[in-house]
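Data block below; observations after.
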Amino acid sequence: MKAVFGRLFLYLSRMASRIRHTLILIIWITILLLACKEEKKPARADHAIQIPATPDTVSLFFCGDIIQHLPQIYDAHNPTEKDYKYLKCFRYIAPYWHDSDFVIANLETTLSDKEYSGYPRFSSPWQIARDLQRLGVTTFVTANNHCCDQLARGITKTIYYLDSLGIAHTGIFMDTLSYKKRNPLYLRKDNFKIALLNYTYGTNGLPIPKGFVVSLIDTTVIKRDIQQAKRDSATNIIAFMHWGYEYHTSPNKEQKALATWLHAQGADIVIGSHPHVVQPIEYILSGKDTVGVTAYSLGNFISNQSYKGTDGGICIRLTLTRPEAKTTRYTMETIKFYTYRPFEEGRTRYYVVPEALSDSIIKDYHLIKSKRFFKQTDSILN
């Protein structure tokens, strides 16, 4: 009997050993299979979603001539608060500025805190710059035929108030050191570095005060400025030109020739002021692509002028898009507006009213005049 149990015990021992070895073998095979499977697992980068780079975009909003005649200054005066208030003048157009990165306008007057005057030698309350900034204007160009109206005092105070308000500006400078430091003026957003240059044909025969600098139209100087902008790696170059004949709705030969030359030198955006009326817009094409824009004249932004075509103007919103490693694409929107001048509370008021709001804001014969202006402007632009 002992012999039987001995053989049985030996048999079971051998079976247990075989089972143990089999289990160990199975475990090792499982480990190897898992390891192989892990090695064959693709790298995470192979499964990463490739999201296209979002193109850089910048929105530029351009306004024409800001002029202040004495009736406008009288309208802005608030004797109770001893202040000049302009917010109401621009309340209808200001919402168009909210989506723009830079709002650029031609300040065709000098700024002061006293002794105001209208045409022919403008001196306006500095509060107009303050209120335009509050509403969204970021940048003024100041080289125009009225920048020397008040000589050294006018230039000094204009620059002082713009600097005090923190408003970027170009066109007039306190001295050559300031000119070299602040010209060109660069507008920066993301990968955009836009050079803004500003020039005027003259200063109405008034001398440029000694020591000050006014950027005059001189092709030698302009070429040098554009080359400097290129050396500074400007992505785009704007030339804001004060030029042309007043009250002419077509550009003259000099404007056309200079615009062509500016684009050839490297300025892709040319904006015009001074005629006080709207002039055509031209697009510079390369194949099917727009590579540049010329707006010969935006007309008045606000004034008290009443000649045909001067009681309104256009603003343009220019959106620049730069896909990665590609050239700039241009999208333009034109906003027509009319300067509505109702008689309210014993004085003439001034409101810049976009065409889209004209039927609901403008009343009586002013509405008829505004419709006539919009129709005339369409014929110029089309």
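The values are calculated or read from the model by the stated rules, or taken from the named source; none is laboratory data. Because the structure is a prediction, the values reported are computed rather than measured. Because the Cβ atoms are built from the backbone with ideal geometry, glycine has one as well, and the counts that use them run over all protein chains shown.
Among all positions in region 97-107, there is no residue which is surrounded by 24 or more Cβ atoms within 10 Å (Cβ to Cβ) and assigned to a helix (DSSP H, G or I). Output yes when any residue across region 4-16 is modelled with pLDDT of 55 or more and in contact with a Ser or Thr (Cβ under 9 Å, 6 or more places away or on another chain), and no when none is. Among the residues of region 4-16, not one is modelled with pLDDT of 55 or more and in contact with a Ser or Thr (Cβ under 9 Å, 6 or more places away or on another chain), which makes the answer no.
Across region 162-188, the number of residues qualifying as of a type outside the set (Lys, Arg), over 12 Å from Val141 (Cα atoms), assigned to a strand (DSSP E or B) and free of Cβ contacts under 8 Å to residues at least 60 places away in the same chain comes to 1.
In this structure, Ser124 does not satisfy being at pLDDT 55 or above, in a strand (DSSP E or B) and over 25 Å from Ser303 (Cα atoms). Restricting attention to region 74-87, the residues that are assigned to a helix (DSSP H, G or I) and touching a helix residue (DSSP H, G or I) at 6+ places or on another chain (Cβ under 9 Å) total 3.
The listed residues are Thr331, Thr294, and the only one of them that is surrounded by fewer than 21 Cβ atoms within 10 Å (Cβ to Cβ) and polar (S, T, N, Q) turns out to be Thr331.
The rows are residues; the columns are (1) under 21 Å from Ala76 (Cβ atoms); (2) surrounded by 16 or more Cβ atoms within 10 Å (Cβ to Cβ); (3) at pLDDT below 95.
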| position | (1), (2), (3) |
| --- | --- |
| Ile314 | no, yes, no |
| Phe337 | yes, yes, no |
| Phe343 | yes, no, no |
| Thr348 | yes, no, no |
| Ile361 | yes, yes, no |
| Arg372 | no, no, no |
| Ser379 | no, no, no |
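Within region 237-262, the set of residues being farther than 26 Å from Gln376 by Cβ and within 19 Å of the chain's Cα centre (by Cα) comprises Ile237, Ile238, Ala239.
Can you confirm whether Pro52 is out of contact with any Cys (no Cβ under 8 Å at 6 or more places or on another chain) and modelled with pLDDT under 95? For Pro52, the condition - out of contact with any Cys (no Cβ under 8 Å at 6 or more places or on another chain) and modelled with pLDDT under 95 - is met. If the condition is being of a type outside the set (A, V, I, L, M) and closer than 29 Å to Pro79 by Cβ, then region 350-359 contributes Tyr350, Tyr351.
Let me confirm something: among Asp65, Asp113, Asp75, Asp99, which residue is under 19 Å from the mean Cα position of the chain (by Cα), modelled with pLDDT of 95 or more and not hydroxyl-bearing (Ser, Thr, Tyr)? Result: Asp65 is the single residue among Asp65, Asp113, Asp75, Asp99 that is under 19 Å from the mean Cα position of the chain (by Cα), modelled with pLDDT of 95 or more and not hydroxyl-bearing (Ser, Thr, Tyr). Taken over region 189-229, the criterion of being within 28 Å of Asp56 (Cα to Cα), in contact (Cβ under 8 Å) with a residue 60 or more places away in the chain and assigned to a strand (DSSP E or B) is satisfied by Lys189, Phe192, Ile194, Leu196, Leu197.
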